[in-house]
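To start, the structure under review is shown below, and the notes come after it.
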Amino acid sequence: MSLKSLLLGLLATFAAPWLLLIVRPYGSLASLAPVAYNEEAGDETKGFFPPTRSADQARGQQIYFAQGCAQCHTQVIRPQYVGGDGDEFKRNWGEAQEALAPKRTRQTSPYDYLGESFAAIGQRRNGPDLANGGFRFATRQQFLEHLYAPQARHEWSSCPPQRHLFKTRVIQGQPSRMAVFSQGKYAPGEGLEIVPSTEALDLVDYLLALRRNAPLPISLGGEKPAPAAPAASAPAAPAK
């Protein structure tokens, strides 16, 4: 075998997988566009999929990356064919909370990342998956308090506090409605308050928006709504 043939063979060996596994999928995903729901096809939702994010949420995503959140959190609901039970029926991965019975969570679609400059799939799950992280806190204030001191909510939490996104200041007149931990071990001290920065507010707005509750259009493989159960007929009147 000549050196030229060897080099051409090596080039083909590496080029073929690269084209099939990287270039071709990237080309197909880069051309995705929002898909309209179609009532005639059976969609009950109106508008387009996926929903658009606000400018504040887009800034919050950049802060999410800058703080390294994607190092410990994923944003992907895996289907069952990846092994094990997948993620679709795990408790707390969708809208189901601890007090509710778990229900199936819609698995991730490439369209969920449409419009993002970088898909926040993540690297590992040292922390919980955040594809539906917006369901885990009832209020914006709870999320802010978690960012400031995660161990205040759960002492076992390994999440690093993001206290550099907050500042302690002297209370001027009435305390701020956004102040966190005004009591307990995290209180800032007499006459002081801890308030979130603009970056902290944008980050929380982004996290609260992480709710994969928009149904997939039927044209993308979404499930058709179950037919309504027939109305029960009234019992016949007894013969006289």
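What follows is calculated from the coordinates using simple rules that are stated; it is not laboratory data. All of these numbers come straight from a predicted model, not from anything done at the bench. A quick note on method: Cβ atoms are made from the backbone with ideal geometry, for glycine too, and the neighbour counts reach across all protein chains shown.
Sparse packing (at most 11 other Cβ atoms within 10 Å of the Cβ) combined with a DSSP loop state is found for the following trypsin sites (Lys or Arg not before Pro) in segment 32-63: 46. On the principal axes of its alpha-carbon atoms, the chain has extents of 99, 78, 34 Å, going from largest to smallest.
Simple point charges give the picture: +1 on the Cβ of Lys and Arg, -1 on the Cβ of Asp and Glu, and for the chain a dipole about the Cα centre of about 280 debye. If the segment from residue 177 to residue 140 were pulled out straight at 0.36 nm per residue, it would be longer than the present Cα-Cα gap by 12.2 nm. Other residues lying with their Cβ under 15 Å from the Cβ of residue 222 contribute a combined charge of -2, Lys and Arg counting +1, Asp and Glu -1. Using r as the Cβ-Cβ distance of residue 156 and residue 187, and R0 as 25 Å, what FRET efficiency do you calculate, to the nearest 0.05? So the FRET efficiency works out to roughly 0.65.
Checking every one of the GluC sites (Glu not before Pro) in segment 110-195 against DSSP loop status and a limit of 10 other Cβ atoms within 10 Å picks out 155, 190. Bridgeable aspartates and glutamates around residue 90 (alpha carbons under 20 Å apart, same-chain partners fewer than 8 residues away excluded): 98, 112, 129, 223. Using DSSP loop states and a limit of at most 14 other Cβ atoms within 10 Å to flag chymotrypsin sites (Phe, Trp or Tyr not before Pro), what is the longest stretch of the chain containing no flagged site? Excluding the exposed sites themselves, the longest stretch runs over 1-88. Here is the tail figure for segment 108-213: Cα pairs spaced more than 20 Å apart come to 46 percent of all pairs.
Hey, how many Å between the Cα centroid of segment 160-196 and the Cα centroid of segment 22-86? So the separation of the two Cα centres works out to 35 Å. Across the chain, the mean sequence separation of Cα contacts (distance under 8 Å, 6 or more residues apart), normalised by length, yields a relative contact order of 23 percent.
Only helices reaching 18 angstrom along their own axis (Cα) with mean Kyte-Doolittle hydropathy no lower than 1.0 count here, and for the DSSP H runs of the chain these are 3-18.
First select every other residue whose beta carbon is under 15 angstrom from the beta carbon of residue 183; then total the charges, Lys and Arg +1, Asp and Glu -1. In short, -1.
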